[in-house]
């Protein structure tokens, strides 16, 4: 069949009906009526000369021919979506859409964006801050920056920043007369916890750091819990206790003197910051340029000669 004769609307209706095995749910998906879906399916069967569904009293059953066609049909729709994405990207070539965790956005990325705008003064950066993993097929996002173990199936994942973790507190708390001479002294203090990755045993935590320092985290110790690392750091800045800081996230507060690093004990962790994106996104010049800038920024020393992590 020639491209000009392809019944795209009917094929979309068939795809939706096959996914849901229901004309009603397919209609809801495509914002049409069930009668319209039924009409499109009948029209497609007439054009192709092939039966697609066997209709029973209470359900639909795909025919063998219909089942065989679904995989190439869905691959074709994905290619169409990719083509439309490329066209849309070229129309708004100055826009870059980045998904990132709230902590990394506020404490690392946003303070450094000025240097990106110096590089691309015409750029429009749209940041979506969330702890949720990005669904690149469902969301309009160019790339994500994620903190984790680097396991993102089906996506390109480039490690750009590895961190260490260490205890920090405010200068006022340190100078208030409390005893903080060695890690064991932490058992008498309020520990501020970051619960962002509480379900992952390999994520940096107080239990992990104290274990490495030869101290046991005991039940009943005073504690504050937050669901983002930036909130845990802000609580430490406010003198509410002692936080286990990630080096990149706490860098600006340490440099400004809002936090003090304790004990000199730093523990490397298996987590790192990764740039994550579908392979086809690398074809975009603006996306590749932003990735290049991120890599350069993570390798840029500060005025004291220290690097981001």
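Couple of notes before you dig in:
Residue-wise test of (1) under 31 Å from the mean Cα position of the chain (by Cα); (2) at pLDDT 90 or above.
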{"residue": "5", "(1), (2)": "no, no"}
{"residue": "14", "(1), (2)": "no, yes"}
{"residue": "31", "(1), (2)": "yes, yes"}
{"residue": "80", "(1), (2)": "yes, no"}
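- All positions within segment 176-198 that are part of a helix (DSSP H, G or I) and either in contact with a strand residue (DSSP E or B) (Cβ under 7 Å, 6 or more places away or on another chain) or surrounded by 12 or more Cβ atoms within 10 Å (Cβ to Cβ) (or both): 183, 184, 185, 186, 187
- For residue 58: the one exception among (1) at pLDDT below 85; (2) not assigned by TED's automatic domain parsing to the domain that holds residue 26: (2)
- Segment 262-309, subset modelled with pLDDT of 90 or more and loosely packed, with under 12 Cβ neighbours inside 10 Å, residue nearest to the chain's Cα centre (by Cα): 279
- Members of segment 211-229 that are surrounded by 13 or more Cβ atoms within 10 Å (Cβ to Cβ), touching a residue at least 24 places away in the same chain (Cβ under 8 Å) and out of contact with any strand residue (DSSP E or B) (no Cβ under 9 Å at 6 or more places or on another chain): 215
- Segment 123-132, residues that are within 15 Å of residue 293 (Cα to Cα) and part of a loop (DSSP other than H, G, I, E, B): 123
- Among (1) modelled with pLDDT of 90 or more; (2) in a loop (DSSP other than H, G, I, E, B); (3) loosely packed, with under 15 Cβ neighbours inside 10 Å - the single one residue 152 does not satisfy: (3)
The values are calculated or read from the model by the stated rules, or taken from the named source; none is laboratory data. Quick caveat: nothing in here was measured; it's all calculated off a predicted structure. Cβ sites come from the backbone with ideal geometry, for glycine too, and all protein chains shown count toward neighbours.
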